[in-house]
Amino acid sequence: MRITEIFYSIQGESSFAGLPCIFVRLTWCNLRCSWCDSEYTFTGGVEMSVDDVMEKVRGYGCNLVEITGGEPLVQKRECAELSRRLCDEGYTLLVETGGSLDASVLDPRAIKILDMKCPGSGEAHRNHWANLERLTPHDEIKFVIKDRADFDYALGVIEKYGLDEREPQVLFSPVWGQVDLKDLAAWILESSARARMQLQLHKYIWGPDVKGV
């Protein structure tokens, strides 16, 4: 499988934010979101076997692991195998996926973080809506919000799929530097959405341009 980087850091997003976490960042992505902060994953990387990745992960001595990208499900077979192996060894596994590809190939023990695209990304037409039908109670749905139109779009998705009435955690994440945080907080409060406002903690710690932390 092609790997951009494996590193140990503080989890910056999701309901696991603030916890030490091992990140396995896969190379390649099938989307080109307007606000993407990981374009360096689109090309390059190094070839590693699943065994090699597992050995590297074990060396950090941390039980929380996230598979991310890019889009990890571009390497569907390898990502599915890695998710199974990590779950078999007792890791708490997060898999962050852009929501455009079928996530049912992942081990059901993995916690899927579905980054469902809003119009501001330029890729909302690529959402694989069947993923929302297969969510388990431990999964999470993230909406990256660029403006009020994105927020209203996300509310429509939440209503259509009854996400307020189900267990998966709903996350609203502002595009870095493009949404006033007070505005997003006000929109959430006004909407009464059962959701979590999520800030990218790692960017506040190390800055928005630092990689591998």
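Scanning segment 90-102 for residues that are touching a residue at least 40 places away in the same chain (Cβ under 8 Å) and among the hydrophobic types (A, V, I, L, M, F, W, C) yields 94, 101. Annotation for segment 166-181: at least one member residue is under 20 Å from residue 111 (Cβ atoms) and over 18 Å from the mean Cα position of the chain (by Cα).
As a summary of the residue check, residue 52 satisfies the conditions (1) without any contact (Cβ under 8 Å) to a residue 40 or more places away in the chain; (2) open to solvent by 60 Å² or more (accessible area, probe 1.4 Å); (3) within 25 Å of residue 119 (Cβ to Cβ); (4) not β-branched (Val, Ile, Thr) except for the one numbered (3). Tally the residues that are surrounded by 16 or more Cβ atoms within 10 Å (Cβ to Cβ) and in a helix (DSSP H, G or I), restricting the search to segment 57-80. Going through segment 57-80 one residue at a time, the tally reaches 8.
Applying the criterion of being aliphatic (A, V, I, L, M) and in contact (Cβ under 8 Å) with a residue 60 or more places away in the chain to the residues of segment 200-213, the residue that is least open to solvent (accessible area, probe 1.4 Å) is 213. Answer yes if at least one residue in segment 21-40 is surrounded by fewer than 20 Cβ atoms within 10 Å (Cβ to Cβ), over 18 Å from the mean Cα position of the chain (by Cα) and in a loop (DSSP other than H, G, I, E, B), and no otherwise. No: zero hits. Looking at this structure, is residue 87 in contact (Cβ under 8 Å) with a residue 60 or more places away in the chain and not in a loop (DSSP other than H, G, I, E, B)? Taking the combined requirement at face value, the residue does not satisfy it. Of everything in segment 153-193 that is closer than 19 Å to residue 98 by Cβ and among the hydroxyl-bearing types (Ser, Thr, Tyr), the residue that is least open to solvent (accessible area, probe 1.4 Å) is 173. Of all residues in segment 35-50, those satisfying the criterion of being over 18 Å from residue 178 (Cα atoms) and hydroxyl-bearing (Ser, Thr, Tyr) are 40, 41, 43, 49.
The values are calculated or read from the model by the stated rules, or taken from the named source; none is laboratory data. Predicted model only: the values in this text are computed from it and were never measured. In this analysis, Cβ positions are derived from the backbone assuming ideal geometry, glycine residues included, and neighbour counts consider all displayed protein chains. In case anyone asks, the SASA skips ligands and DNA or RNA and just uses the protein heavy atoms, side chains included. Shrake-Rupley method; radii C 1.70, N 1.55, O 1.52, S 1.80 Å.
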